[in-house]
Structure formats: structure tokens, C-alpha cells
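Each remark here refers to the structure printed beneath this line.
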């Protein structure tokens, strides 16, 4: 392999390289220059540097028109994968901005560095079309998250959450690898497009179906779809704010993109069928069951939560279900709606987590009662929380509404049309159920007066600006979804 | 110009929500002016509609989300203009009846105005997606209006109201997405949908989703139970809007989206709808007859009167449909008036709505003008000739008779029961007891035991405006029918009405 080829490869992965370099630079700068500073100054400067690097990476991608494929599907750059990378980095910036005033640890540089490394893993992931590469990227993205989840070493519950996350994650990775090895055994290739060609000639034998099931089970863990969601509530509740935001937003977007691509490319010959009248084994019925279970379990369990973070965690399970609906119903056209939905969902969930953590820092709890009278104590934050939660519930003109519509519409515009009607009906009704618990939180915010403490909340200025920016973009993307859609491949 | 009926309240509402002026006086004057402006626009554009030959006036039509064929398409025909006029009147009077709101006043009026803007948006949308977006936009303000400023069991009432609305819109969404999925070229333009001949088997299952989804909000039995609880829990202005306007959203959507676009489905299901409507008429009236709470009587009477709207729709002929639209207007005005009297004039003074307690108070002597307004209003509600209710319900009954005499007869029985509960509630609330009976002291929490503040100028003005409206329409119904009938004769409703007109 000549050196010229390597240079070309570097060009393909330049945005990721920038992020990785930033991850290392953050460590060195902190070690060399910021050792003596106060912790809050260190985290502020460090995260600003990391955000700057991410912005630079986005700028680089927006300037580059590079398209093409490297190796057997190692990196496949198209307009939509570049967009997906940019969206991942934007969500990572959201998570980094929340770390600006992190003061729970003296090791802020390591914290930021791990966040950036996980981001780079996700960036590789969204352009990977190769089984091995997908597995490596998933691990690169997830391993830092295990550490981040328990970065606050004084918190025993965080440690418990992280251990659960790690054990489930390790198990899921084993499933994925085993499933992939079976797929490889049947096809003799790792590239997704070739797998599809070879699988077309293979009958749906039991062992092949085991392989498909195992691989999908591993992905289901990453997207927190029921019944592989059990780690989510603990991690969402106890992980440090930025880590929770990254797990809930960026990591979800990356995993969904790769799940969509894997289903659409590799499993197309064995999609199967899951319409009301007839079922055939394949990826569609599996994903349909995952989607249905996630929506039912996520929404119904969320109804009973009193901790807002846990509530958001269960609602995250249900949102994973909504997105899986379209991957089950119409994988070929699923990428655009999944990207739009995962991105706007990520914005809203980061914002909601940020506000919850503000309240949590003030009261030491994220129980619903802590939100009483928030509208009088922090009117702008209350309004932003209203926007985030109603977007999650799918109320127009917020982004979540159009997102859901786009998902379900695409799921039904399959060939033949209306194949998964039963699942879409279930999804729409479950999303009506979800309005109940989102309104329950908002009831505490807007309806109940503050109980004892009526002081205005003290919110750091950067955090406040981030939250307002997130809320504005949720509103703006809801009114003008074309801005994202214009850049997506449409059927 | 009509589009400004959406933009003005929306801007005013958002401005109030974001700036939160501390002064309640400022908030209510801003809202009053915004409502007045919309009423002015509505009346002027109504004037333009008479004699105009075009059945549909396009206001604005630009691509919104071109990738999915969604347009920002506002337009108006005679039916829209009638309901826009109703909404602007109800909004204006609603602000007048909320003149005494002091608690978090700027938020109250902000939500009130945003709700109004959503309602105008629904009546003016000719793109199904846009219509649906406005329809759901109107749901959330209702929740907060009821939950924050409401009375009896307000959190329960608010949540029930919102979940019913949202479940209804979920049904509509299923139907809408299904249509989107089968169209070869995605579009949400109603005119295109109206011209597309969907297969009969498809219409037969999509129509009930869309129709019932909207009809939940119109209070169709057995999905009506949000209505009485919600109306009772809501603050006065909100119950005026809920009963007066929001229930019309449901009926309007059922007609415009459900029946006009899926005529085959409508014809198949019409008898079923007719029966549900008649059950609603009779059931609502009978339940109203035994209520102990003043506001529940009016709440159930709304269910009964909305039954006439649905019965008119189910008749599937020109007389019945125009009667249904006229009844939407008429009930909007009369229900607004009744809720205004109960909530603002009586409850805010006596702090009770218990009919037994009210009977001992002799309200006719303490607040005679309220008694006069209520007396006239309840007669209007009964359907006495000369008021709008008579014309509208008469048309509905004639239309229903053509479709099915049995249903018309049963609905006639509902009118009799209506007379009974109206007279009962009039007697119990205003005409019993005397001001000196001790009942006053027990319930009056305000100053001046045994006495009530006289009816204030805003209340009186609001009451008079609504009474005038119902009288004008009652004496000269052509002023609205000249708008409604041409709209129903337009190509838009051709698929629905053509086979029956000949």
C-alpha cells in the first residue's frame, strides 16, 4: 500500500481526525498549562476548546465535497453520511456545553477527552458499511461512555448504574459479534452490500435467522429498545449530566443510523413480513416486535415514575420504539426520517436533561415536587422545558410533531403500502399516552405554586444560553423542517 | 386579510407570554384590542363574501415542506367565514367576561389568545396537514387554562379534556397518514384529496377514524364525557370558548375533512352517526334534567345541542348540512352566553353553583340584569322562534326527516326534554327564595353579605353582544345561510351531496 493512498485515506477521515486530535490536545493543554487553575476555570476552558474543535470539524465537513468509499465499506462518504456526522457532532457540542461548569471531578480534561473520543467513534460509525468496522466503532463509541457514566466517583448509585450499563453492554457486544460471525460464515464477506448479494441466494435457514436475531439484539441494546433497555433508567438517572446527554442523544443517533443502514443494506433479502394477515421470518417482524414492546413498556412504565430523569429514560425507550417502527416498515426509505427524528429528539432530550440537572443541583433531587412553581422562579427555563417536553410529546409546531409524522408516514409508504398499519396505530396511540406524563411534569412546573423556597434559581450563563439555543432550534426545526430535509436523500 | 385573524392573536399572545407584563390592566386591554381587531376583520371579510361568485377565496398558498407535498395553504369559503365570525365574537366576549382575572393575568390572556389563533387557523386551513397542526396547537393552551385558573376538580378536568382531544387527534392522524401513504404523489391539498376517488374499501375504514377522531371534540356520544367535566372545571372564558368554539372545531373537521373528502365512507356510516347523534341529544338532555350543579346543566345541554350538529351532518342533504353549520354558530353564541352567566355573573358572586343553594338566594332580585339575560338566553337555547336556535334546529330536523323520520322524531323528543331542563334550571337558579334568606351568608366569601355587586359594564356589554347576535340570526337567518348554502353547493362538497340532490 503506497503512501499516496494513505494520504487519501486521511482526507476521508479528516473530520474524525480533528476530533481525535482535540481529545488528545485537551489532555495535554490541561496537563501543561491549566494545572494550577481552579477546577471551574479548567472545565470552562477545556470544554470551550473542545467545542471549538468540534465546530472546526463541522466547518471542515461543510467545505468538503468528498464522496466515495474506502476499502470494503470501511468509510462510505455520501451527502447523507456527512450530514449524519455533522448532526452527531452538533449533539456532542450540546453535551460538551453542559460540561462547562462541571465541578464534580478534578479530572475534567479526562472527562472531556473521553467525550470527544466517543464522538469520534460515533462519527466513524455513521459512515461504516462493514461488519468489523461497525463493531469496532460501536465499541469505540461505547467504552468511553461506560467510564463517563460513573465519572463521579463519590456517587454510589452512579457506580451501580455504570456497572449495569457495562455488564449489559458487554453481553450485547458478545451477541453482536456472534451474530456477525454467523452472517460472515454464510456469506464470506464483511461488506454490507456484498452480504446482501450473497444472502439473496441463501434460504432463511434457522442458523441464519439466529445470526440476524443476535446481531439485532446487540443493536437493540445500544438504542435502548425493550426488552434490552434495563440499563437505561439507572444510567440516565445517575450519570453526570454531559454523559447522560451523550448517551441519550449522540450515541442514540449514531446507533440508529447504523441500524438503519444494516437493515436496509445487508438484511434486505431477508426482510420478512409482519403485516396483520401474514408473518414471515426476517428482520421486519423482529424489529416490529422490538418497536411494539419498546413503545408499550416505555410509555406505560413512564406513567408511574416520580423521578423526572427516570421518566425521561423510560420515555427514551418509547422514542426508540417510534424510530424502530420505520426501520421495520420501510428500511429503504428510513434514513431521512430517522436522522431527522433522532437529531431533534437529541436536541430536546439534552435540553430537558440540562434543566432537570439545574433543578437537581438546587434541591438535591429530581423528584417532580422539586419542579413546583418553576415558572415563577425561572420563567425562561420553564418555557424552555415546556418546549422540550411538548416536542417529545409531538405537539405542533415543535420538531417532535413533524418528526413523528415523517416517521410514521414513511413507515406506511412502503411497498405494498400500509403493511405495518397495526404498528403505526399502536405507535400513534402510545404517543397519545405519553402526553399524560409529560403534562404531569409540566403541571408541577406551571400549575402548582412553589412550596417553600421561592428564590429565583441561579443558572450559569453558558448553561442558560445553551438551553435557550436548544429550545430555539427545536422550535425552528419544527416550523422549518425543510432545512434538514433538503440535505437528505429522498425517495 | 383573513389570515390576520391568526397572526394578530398569535403575536399578541406570544408577546404577552414572553414579556409577562405585571399589569393585568395592560394584558386585558391588549387582548381586548386583539380580539376586536379579529372581529373587525371577520365582519369586513364577511361583507366581501356576499354576492361574490367565487366559492373559495385563497388567502395564501406557498410550499411549506415541499418534500412531503405540504403547503401553507389558507383559504376561506362561506362555512369558514361563518365560524371565523363566531370565534371572533366569542373571543371578544370572552375577554370581556374575563375582565376580573387578576391571578397571573398576562399568562391567562396569552394562552387565551394562542388558543384563539389555533382555532382561526383550523377554520382557514385548506391543507390537511396544516389544519391538523393548528388543531393540535389549540390543545395545550386549553390544559393550562383549565388547570391553572379553573375551579371544581380542575386538574382532573383539564387532563381528561386534553387526553380526549389528543386521543381524538390520534385517530385523525392515523387516517391522515394512511391517505398520505396511498397517494402516489404526496400532497395534503384538500382540493386534490376531494378530487381523488379513493377506493370504497379504503374509505370505509379511513372515514370512521377521521370522523370519530374529530367528533370526539364535538362531544359525540359515547365520547362526550370530557365535555361536561371540562366545561365545569374551566374558568368562565375558557368554558365559553370550549363549548362555544372548540366543540365546533370537531364538528367542522368532521364535515370538512371527514365527510367532504370521503363521501363513500360518509354515506355508509351516516345511519350509525345519526343514531349516535340522537342518543347524544336525548341522553344529554335527560342527564341535564337531574343535575345539581348549575354548570353541569349547561355542560350536558351542550352535549345535547351538539348532537343536533351531528344529526344535521348525518342527514347528508343540503337542508340538514346547512342547518348543522347554522347550529354550530347558534350554539356557539348561546352556550357562550349561558356559561358567561353561570361562571362570571353567578359563580364569581355567590361562590356556589349548587342549584339548591342558589334557589334560596333570590338572585332575580339581587342581580336582576343577570336574571334577565339568562332568562332570554335559556329561551333561545330551548329553541323558541325568533332566536337562532330555532332556525338551526328546525333545519336539522327537516333534513333528518328526509333521511330517517324515526331519528327526527326521537330528536324532537330531545327538544321536549330540553324545554324541561331549561325551565327547571331557570326556576331553581334565579326565581326562587329571596335575598334575605340566610343562604347568602353561608356561601358568600366576599365582602357585603347578603348583597352582590351589580353586573359590571364589561359583563353587561358581553351579554348584550351575544343576545343581539342570536336575535339577528334568529330573525334574519339568511345573513348566514347566504354564506353557508353556496359553500355547500360548491364543487368541494359535490361528491358528498350530488347523488342526493338530484
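The values are calculated or read from the model by the stated rules, or taken from the named source; none is laboratory data. Here the structure is a predicted model, which means the values were calculated and not measured. So basically every Cβ, Gly included, is an ideal-geometry build from the backbone, and we count neighbours across all protein chains shown.
Taking the listed residues B:183, B:173, B:167, the one that is closer than 21 Å to residue A:436 by Cβ, at the interface with chain A (Cβ under 10 Å from one of its Cβ atoms) and surrounded by fewer than 22 Cβ atoms within 10 Å (Cβ to Cβ) is B:167, with no other qualifying.
From A:216, A:208, which residue is surrounded by fewer than 21 Cβ atoms within 10 Å (Cβ to Cβ), out of contact with any strand residue (DSSP E or B) (no Cβ under 9 Å at 6 or more places or on another chain) and under 18 Å from residue A:280 (Cα atoms)? Criteria check complete, one pass: A:208. Can you name the residue in region A:385-429 that is surrounded by fewer than 24 Cβ atoms within 10 Å (Cβ to Cβ) and more than 9 Å from every other protein chain (Cβ to nearest Cβ) and is also farthest from residue B:185 (Cα to Cα) among such residues? The selected residue is A:426.
Among the candidates B:327, B:291, which residue alone is touching a helix residue (DSSP H, G or I) at 6+ places or on another chain (Cβ under 6 Å), assigned to a helix (DSSP H, G or I) and within 27 Å of residue B:377 (Cα to Cα)?
Working: B:291 fails: assigned to a helix (DSSP H, G or I).
Only one candidate qualifies: B:327.
Out of everything in region B:1-25 that is over 30 Å from residue B:77 (Cα atoms) and in a helix (DSSP H, G or I), what residue ends up being modelled with the lowest pLDDT? The extreme case among them is B:24.
Only one of these is touching a helix residue (DSSP H, G or I) at 6+ places or on another chain (Cβ under 9 Å) and under 20 Å from residue B:241 (Cβ atoms): B:360, B:299. Name it. So that I can check it myself, show each step before the final result.
Values: B:360 fails: under 20 Å from residue B:241 (Cβ atoms).
Just a single option satisfies the conditions, and that option is B:299.
May I ask you to verify whether residue A:441 is assigned to a helix (DSSP H, G or I), more than 10 Å from every other protein chain (Cβ to nearest Cβ), touching a residue at least 24 places away in the same chain (Cβ under 8 Å) and surrounded by fewer than 24 Cβ atoms within 10 Å (Cβ to Cβ)? Walk me through it before giving the result.
Values: assigned to a helix (DSSP H, G or I): yes; more than 10 Å from every other protein chain (Cβ to nearest Cβ): yes; touching a residue at least 24 places away in the same chain (Cβ under 8 Å): yes; surrounded by fewer than 24 Cβ atoms within 10 Å (Cβ to Cβ): yes.
For residue A:441, the condition - assigned to a helix (DSSP H, G or I), more than 10 Å from every other protein chain (Cβ to nearest Cβ), touching a residue at least 24 places away in the same chain (Cβ under 8 Å) and surrounded by fewer than 24 Cβ atoms within 10 Å (Cβ to Cβ) - is met.
If the condition is being within 23 Å of the chain's Cα centre (by Cα), surrounded by fewer than 24 Cβ atoms within 10 Å (Cβ to Cβ) and part of a helix (DSSP H, G or I), then region B:361-396 contributes B:375, B:376, B:379, B:382, B:390, B:394. For region B:84-92, check the following and say yes or no: at least one residue is surrounded by 24 or more Cβ atoms within 10 Å (Cβ to Cβ), touching a strand residue (DSSP E or B) at 6+ places or on another chain (Cβ under 9 Å) and either in a helix (DSSP H, G or I) or away from chain A (no Cβ under 14 Å) (or both). Scanning region B:84-92, I find at least one residue that is surrounded by 24 or more Cβ atoms within 10 Å (Cβ to Cβ), touching a strand residue (DSSP E or B) at 6+ places or on another chain (Cβ under 9 Å) and either in a helix (DSSP H, G or I) or away from chain A (no Cβ under 14 Å) (or both), so the answer is yes.
Scanning region A:90-117 for residues that are within 19 Å of residue A:339 (Cβ to Cβ) and crowded, with 24+ Cβ neighbours inside 10 Å gives A:91, A:92, A:94, A:95.
Taking the listed residues B:215, B:178, the one that is touching a helix residue (DSSP H, G or I) at 6+ places or on another chain (Cβ under 6 Å), closer than 25 Å to residue B:75 by Cα, within 8 Å of chain A (Cβ to nearest Cβ) and surrounded by 20 or more Cβ atoms within 10 Å (Cβ to Cβ) is B:178, with no other qualifying. Residue count for region A:457-475 under the criterion of being away from every other protein chain (no Cβ under 14 Å) and touching a residue at least 12 places away in the same chain (Cβ under 8 Å): the result is 12. Screening the candidates B:278, B:309 for the property of being more than 19 Å from residue B:213 (Cβ to Cβ) and either more than 19 Å from the chain's Cα centre (by Cα) or modelled with pLDDT of 90 or more (or both) yields one hit, B:278. Of all residues in region B:91-123, which are at pLDDT 90 or above and more than 24 Å from residue B:463 (Cα to Cα)? B:118, B:121, B:122, B:123, listed by residue number. Of all the residues in region B:174-197, those that are in contact (Cβ under 8 Å) with a residue 12 or more places away in the chain and within 25 Å of residue B:58 (Cα to Cα) number 14. Here region B:41-71 is the region considered, the condition is being in a strand (DSSP E or B) and loosely packed, with under 15 Cβ neighbours inside 10 Å, and the residue that is modelled with the lowest pLDDT is B:58.
I'd like the residue in region A:371-408 that is assigned to a helix (DSSP H, G or I) and free of Cβ contacts under 8 Å to residues at least 60 places away in the same chain and, out of all such residues, is farthest from residue A:102 (Cα to Cα).
Quick first cut of region A:371-408, residues assigned to a helix (DSSP H, G or I) only: A:371, A:374-377, A:379-393, A:399-408.
Then drop every residue that is not free of Cβ contacts under 8 Å to residues at least 60 places away in the same chain, which leaves A:379, A:389-390, A:393, A:405.
Values: A:379: 24, A:389: 24, A:390: 28, A:393: 30, A:405: 37 Å.
The extreme case among them is A:405.
Looking only at residues of region B:150-162 that are out of contact with any helix residue (DSSP H, G or I) (no Cβ under 6 Å at 6 or more places or on another chain) and outside any loop (DSSP other than H, G, I, E, B), we find that the one that is nearest to the other protein chains (Cβ to nearest Cβ) is B:159.
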